[in-house]
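Notes follow the structure.
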Protein chains: 2
Amino acid sequence: MSELTPELLNTTTWKIPNGLAIVGSHHEQEFNGMTASWISQFNMDPVTIGVGIDNTSLTHSLISRNGFFSLNFFSSDNTKVFVKFSKPAKYTDGYLNEEPITLTTNNVPIFNNSVLWFELKVINSQNLGTHTLYLGKVLDCYLKDGDFKVAEMSDTRMKYGGVPRGGHNKN
Amino acid sequence: MSELTPELLNTTTWKIPNGLAIVGSHHEQEFNGMTASWISQFNMDPVTIGVGIDNTSLTHSLISRNGFFSLNFFSSDNTKVFVKFSKPAKYTDGYLNEEPITLTTNNVPIFNNSVLWFELKVINSQNLGTHTLYLGKVLDCYLKDGDFKVAEMSDTRMKYGGVPRGGHNKN
């Protein structure tokens with residue numbers, strides 16, 4: 001039995017391999033994108049993907065009200081995009097923080113420069129304390145042709161996980 | 001809107017970056033280890049990690065009855081270990097499939113050759129159809145000293161995800 005300190009919890013959870021994605025969300029005419037890393041598929045029929053979202057974030061507020069979101073993955077040679085989405089995003093016609101987006105028929109923003117994306121409908125949400133786990137059924141998805149490596153947390157200097165501390169993305 | 005075929009769902013979900021871990025489980029004197037990849041942290045307080053487990057697996061049966069499990073991650077230069085745990089494991093005193101294990105005070109098997117592990121207590125489980133999502137509160141964890149890359153799905157020729165099909169791990 002180790003001494004389960006916050007430091008040990010941080011350094012150990014930071015080592016769990018995770019992808020990075022921009023979560024697209026909207027409600028009425030408000031749109032947002034937020035970098036997130038707590039993402040995994042969890043069911044095959046229906047194909048269901050979970051994402052963990054900070055309860056204090058704008059994205060949490062938008063998904064909770066609207067029930068739809070997107071997960072947009074990028075190539076590992078384009079990780080600068082994630083830095084752009086560490087605070088609430090600015091929408092101007094067809095763009096979020098100058099990244100071109102397309103709206104689905106459900107009005108969910110999809111990032112045009114992503115290499116794969118999923119559009120999802122929330123089928124379950126669970127407030128776990130600091131974060132809410134949204135489970136989404138895949139409505140649509142896209143995979144770019146060609147060879148690329150999908151960007152992961154470990155391709156960047158970002159760390160996310162462990163115990164609560166200052167400086168988290170709150171957008 | 002794409003045509004959401006099983007092939008598109010498979011190839012796209014397979015690209016989601018995921019780690020690989022051996023899930024340790026037990027009930028009474030039955031012990032098991034199973035390779036799994038649907039893993040992510042989802043909450044900071046308490047530190048909570050989710051794993052998706054096939055409903056037809058022995059691991060599902062053991063965790064459901066016992067309420068504890070471990071997640072054991074290995075170095076990317078030791079991915080052969082995952083191949084050993086694609087069917088129900090054979091336990092002989094102190095070993096699962098010849099991999100040395102230690103039992104925690106809750107009797108959960110921990111793999112001695114892992115580079116990081118978590119011991120978890122199930123705080124919520126949700127049957128999503130083909131798989132159950134177990135959310136576990138971290139009771140204990142370990143991180144090996146030194147430099148290593150934690151093994152991910154993409155370090156192997158394994159693929160897991162997408163829609164139901166034959167040939168899945170059922171252990």
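Laboratory data are not the source of any read-out in this text; all were calculated from the coordinates shown. Keep in mind that this is a model prediction, so the values were computed, not measured. All Cβ positions, glycine included, derive from the backbone under ideal geometry; neighbour counts span all protein chains shown.
Worth a mention:
- With neighbour counts taken as other beta-carbon atoms within 10 Å, the residues B:75, B:114 rank, fewest first, as B:75, B:114.
- Residue A:80-residue A:149 pseudo-label distance in nm [points 7 Å out on the Cα-to-Cβ vector]: 1.9 nm
- Per principal axis, descending, Cα span of the stretch B:1-71 in whole Å: 50, 31, 17
- Fluctuation leader among B:52, B:24, B:129 - chain B, Gaussian network, Cα springs under 10 angstrom: B:129
- Residue of B:25, B:70, B:61 that the Gaussian network model of chain B assigns the largest fluctuation, springs spanning Cα pairs under 10 Å: B:61
- Scanning chain A for the beta carbon that comes closest to the axis linking it by rotation to B yields A:40, 2, distance in whole angstrom.
- With all projection directions averaged, the alpha carbon convex hull of the stretch B:22-155 covers 8.0 nm².
- Taking 12 Å as the straight-line reach from the Cα of residue A:121, the aspartates and glutamates in range (excluding those fewer than 8 positions away in the same chain) are A:140.
- Cβ-to-Cβ counts within 10 Å put A:69, A:31 in ascending order as A:31, A:69, the fewest first.
- Remark on the protein assembly as shown: hydrodynamic radius 20.1 angstrom, per the Kirkwood mean of 1/r across alpha carbon pairs.
- R0 of 56 Å, Cβ-Cβ distance residue B:90-residue A:103: FRET efficiency to nearest 0.05: 0.55
- Of all aspartates and glutamates in the structure, those lying under 13 Å Cα to Cα from residue A:90, and not within fewer than 8 positions of it along the same chain, are A:30, A:98, A:99.
- Each of A:158, A:44, A:34 was scored by other Cβ atoms within 10 Å of its Cβ. Arranged with the fewest first, they read A:158, A:44, A:34.
- In a reduced charge model with +1 at each Lys and Arg Cβ and -1 at each Asp and Glu Cβ, the protein assembly as shown shows a dipole moment near 120 debye about its Cα centre.
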